[in-house]
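First the structure, then my questions, so here it is.
The values are calculated or read from the model by the stated rules, or taken from the named source; none is laboratory data. Note that the structure is a prediction, hence the values are computed from the model and not measured. Note: ideal-geometry Cβ built from the backbone for every residue, glycine included; neighbour counts use all protein chains shown. The accessibility values were calculated without ligands, DNA or RNA, using every heavy atom of the protein model including side chains. Shrake-Rupley method; radii C 1.70, N 1.55, O 1.52, S 1.80 Å.
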Amino acid sequence: MTRKARAATAPPVPPTPTPAGPQLSRLEVRNLATIRDLTLELQGGFSAFTGETGAGKSIIVDALGLLLGSRANTDLIRTGEDSLLVTGFWSEAGGEEFSASRRVTTQGRGTARLDGEVVSVRELQEWTSARLTIHWQHSAVSLLTPANQRALLDRQVPDELGTYQAAYRAWTDARTRLETLRTNERERARQLDLLTFQVREIAEVNPQPGEEEPLTAELTRLSNLETIALGAAGALELLSEGETNAAALITEAVRALNAGAKYDETSAQLQHELREALDSVQAVVGELRGVAEDSAPDPEELARVEARLAALGKLRTKYGPTLEDVLAFQAGAEEELAALMRDEQDAGTLEAEVSRLEREVRRAGEALDAARERRAGPLAAQLVNVIRELGMPPARLEFRLSPLAQPGPSGLSDVTLHFTANPGEALGPLADVASGGELSRVMLAISTVLGAETPAVVFDEVDAGIGGAAALAVADQLARLARERQVLVVTHLAQIAARADHHYKVEKQVEDGRTVSRVRRLTPEERLEEIARMLAGNTSEAALIHARELLAGRG
């Protein structure tokens, strides 16, 4: 059959679902492994990625993993290049577009960006993980941890879990404070004594900002009273008390101008100015006489000023270097002292508060366990229905709650998944009884039943090890999930690829002596041939008929 004839008989493609939430609309990859330069336009709904073994199908998942903060291994950089770059574009419902990118260099350094702005890898991870989830081939291993098993059930009871966790935080905070008070009683007593002494020492001196400068000046004056008095006496001798003194000479000068002042205005003015100078000298003489007579030092005043300055200096040495620093230290010490005294007073009542909060925790924990019990059965039944469709008809699964000795961060009980794939066998902990293949199918059931909290979900060959009717059931589950989420699946199963709304093929080519991986969206006739190849390894007429039947049964 010719390509034209084959294309004419390819089944029509139904309209693409439009899941709610931001869509991963474009992925740009530069120099990642065998990808040199790739721009991949993505659609909503269900997209399948297929290709020959070794074509590099999982490189797309590796690229998205880098945006989710996975370890940046320099081995991923294309040989001969300095760096790789991955950029994802998300389109919101209103048409607004956002981008996230990550560059990794051969030196092991990297740069993460959100809308072009440099951010930390953690910030990039937080942003993208709210929009994208990847289920890797090894993701099933995460089911082995009790915490992840409990989280599956707790997603069904978010209100009760939130109430419990708030009560638990309040209880543990109060208990920690009480334990701290009890453990540090001796240290607190020492600290109380020290702070009390320090506050009292400063308060007794009662330093005032800026008082040291005038006190220092006063000390200098008191220490030099004799010198001051001698100077004043000498000046007094020259101005008024010596045989020849300034006051007498000025008086004689005033008299000498008496006659001329009657006839000369200038002489009269000068005589007036001399009289004023004489008045000033006599005023100074009066003050000098007081300074000269006050020559005896006052030991008590001198001692008082020296003691005050010494007390201020001691405070500055211990709590300074300035008096302002001393006062700031006093304020801080008083505040700390008050807090310690409150703690001491609170210790008596805090024990009762801890007991009350523990009762609240247990009430909230009992309500959480009751909600878990209500949701455990229906959720397990949903999962079992899918697991049985995936090729394990006798499978049974249930959530079991086992009480903890003490309330924990996530409740009063631990939650574990119990499972059996064999008829007549007792259920056992999933981590102990499930084989690798069984674990993968349980994980796939969980992924498709619970979906993901993000608008886009990626599955990387989680269908490994299944086929036939089980493969058709997996395809149905993925198609069902794609009604609410953007689903991207790397698969080797024709049954799954045939259910996709969009089919991409990953191919390897040799260009200029180098291997290059390319990804392209297939046309209807190309898709028919790819499904046939996946079924039979060729595009024989029989394989094409089978492929056509698979594609015709998509709806």
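Filter segment 144-175 down to residues that are over 24 Å from the mean Cα position of the chain (by Cα) and within 16 Å of E351 (Cα to Cα), then give me how many there are.
3
A further question follows. Taking the condition of being within 24 Å of L478 (Cβ to Cβ) and either charged (D, E, K, R) or not in a loop (DSSP other than H, G, I, E, B) (or both), how many residues in segment 498-516 meet it?
Adding up the residues that qualify gives 9.
Checking T39 against (1) in a helix (DSSP H, G or I); (2) closer than 30 Å to Q509 by Cβ; (3) of a type outside the set (D, E, K, R), which test does it fail?
(1)
In segment 446-457, which residues are in a helix (DSSP H, G or I) and either at pLDDT below 75 or crowded, with 21+ Cβ neighbours inside 10 Å (or both)?
If the condition is that a residue be in a helix (DSSP H, G or I) and either at pLDDT below 75 or crowded, with 21+ Cβ neighbours inside 10 Å (or both), then I446, S447, T448 are the ones that fit.
Being open to solvent by 30 Å² or more (accessible area, probe 1.4 Å) and outside any helix (DSSP H, G or I) is the filter; apply it to segment 428-445 and report the residue that is nearest to I387 (Cα to Cα).
S435
When you go through (1) of a type in the set (D, E); (2) open to solvent by 90 Å² or more (accessible area, probe 1.4 Å); (3) touching a residue at least 12 places away in the same chain (Cβ under 8 Å) one by one for E276, which number turns out not to apply?
Going through the list (1) of a type in the set (D, E); (2) open to solvent by 90 Å² or more (accessible area, probe 1.4 Å); (3) touching a residue at least 12 places away in the same chain (Cβ under 8 Å), E276 breaks only (3).
Determine whether E324 is part of a helix (DSSP H, G or I), under 30 Å from P207 (Cβ atoms), over 37 Å from the mean Cα position of the chain (by Cα) and touching a residue at least 40 places away in the same chain (Cβ under 8 Å).
yes
Name the residues in segment 40-88 that are farther than 15 Å from Q486 by Cβ and more than 32 Å from the chain's Cα centre (by Cα), would you?
If the condition is that a residue be farther than 15 Å from Q486 by Cβ and more than 32 Å from the chain's Cα centre (by Cα), then T50, G51, E52, T53, G54, A55, G56, K57, R78, T79, G80, E81 are the ones that fit.
Filter segment 353-369 down to the residues that are of a type outside the set (D, E, K, R) and in contact (Cβ under 8 Å) with a residue 12 or more places away in the chain, then identify the one that is surrounded by the fewest Cβ atoms within 10 Å (Cβ to Cβ).
For segment 353-369, the residue satisfying everything is A367.
Quick one: count up the residues across segment 382-398 that are open to solvent by 40 Å² or more (accessible area, probe 1.4 Å) and either in a helix (DSSP H, G or I) or in contact with a strand residue (DSSP E or B) (Cβ under 7 Å, 6 or more places away or on another chain) (or both).
Summing the residues that are open to solvent by 40 Å² or more (accessible area, probe 1.4 Å) and either in a helix (DSSP H, G or I) or in contact with a strand residue (DSSP E or B) (Cβ under 7 Å, 6 or more places away or on another chain) (or both) in segment 382-398 gives 6.
Right, something else. Considering only residues of segment 327-354 that are polar (S, T, N, Q) and more than 21 Å from P207 (Cα to Cα), which is modelled with the lowest pLDDT?
Ranking the candidates gives Q345 first.
How many residues are out of contact with any Phe, Trp or Tyr (no Cβ under 8 Å at 6 or more places or on another chain), surrounded by 17 or more Cβ atoms within 10 Å (Cβ to Cβ) and at pLDDT 50 or above when one looks only at segment 6-42?
Of the residues in that region, 11 qualify.
Turning to a different aspect of this structure: When you go through A536, A475, A469 one by one, which is the residue that is closer than 20 Å to L383 by Cα and open to solvent by 10 Å² or more (accessible area, probe 1.4 Å)?
The match here is A469.
If only one of L40, L76, L84 is touching a residue at least 24 places away in the same chain (Cβ under 8 Å), under 21 Å from D501 (Cα atoms) and of a type in the set (A, V, I, L, M), which one is it?
Matching residue, one of L40, L76, L84: L40.
Tell me which residues, restricted to segment 502-516, are touching an Asp or Glu at 6+ places or on another chain (Cβ under 8 Å) and either at pLDDT below 90 or open to solvent by 20 Å² or more (accessible area, probe 1.4 Å) (or both).
Those that are touching an Asp or Glu at 6+ places or on another chain (Cβ under 8 Å) and either at pLDDT below 90 or open to solvent by 20 Å² or more (accessible area, probe 1.4 Å) (or both): K505, E507, K508.
Also, quick follow-up: E306: assigned to a helix (DSSP H, G or I), open to solvent by 40 Å² or more (accessible area, probe 1.4 Å) and either farther than 30 Å from A333 by Cβ or not charged (D, E, K, R) (or both), yes or no?
No: the conditions fail for E306.
On to the next question. With respect to L222, is the statement that it is in contact with a Leu (Cβ under 6 Å, 6 or more places away or on another chain), of a type outside the set (G, A, S) and in contact (Cβ under 8 Å) with a residue 24 or more places away in the chain true?
Yes.
For segment 61-164, which strands (runs of 3 or more DSSP E) that fit wholly inside it have 2 or more residues that are open to solvent by 50 Å² or more (accessible area, probe 1.4 Å) and polar (S, T, N, Q)?
Hits in segment 61-164: none.
Quick check on this structure: which one of L379, L401 is touching a helix residue (DSSP H, G or I) at 6+ places or on another chain (Cβ under 7 Å), open to solvent by less than 30 Å² (accessible area, probe 1.4 Å) and either part of a strand (DSSP E or B) or of a type outside the set (S, T, Y) (or both)?
Being touching a helix residue (DSSP H, G or I) at 6+ places or on another chain (Cβ under 7 Å), open to solvent by less than 30 Å² (accessible area, probe 1.4 Å) and either part of a strand (DSSP E or B) or of a type outside the set (S, T, Y) (or both) holds for just one of L379, L401, which is L379.
Can you report the number of residues in segment 482-497 which are open to solvent by 10 Å² or more (accessible area, probe 1.4 Å) and assigned to a helix (DSSP H, G or I)?
1
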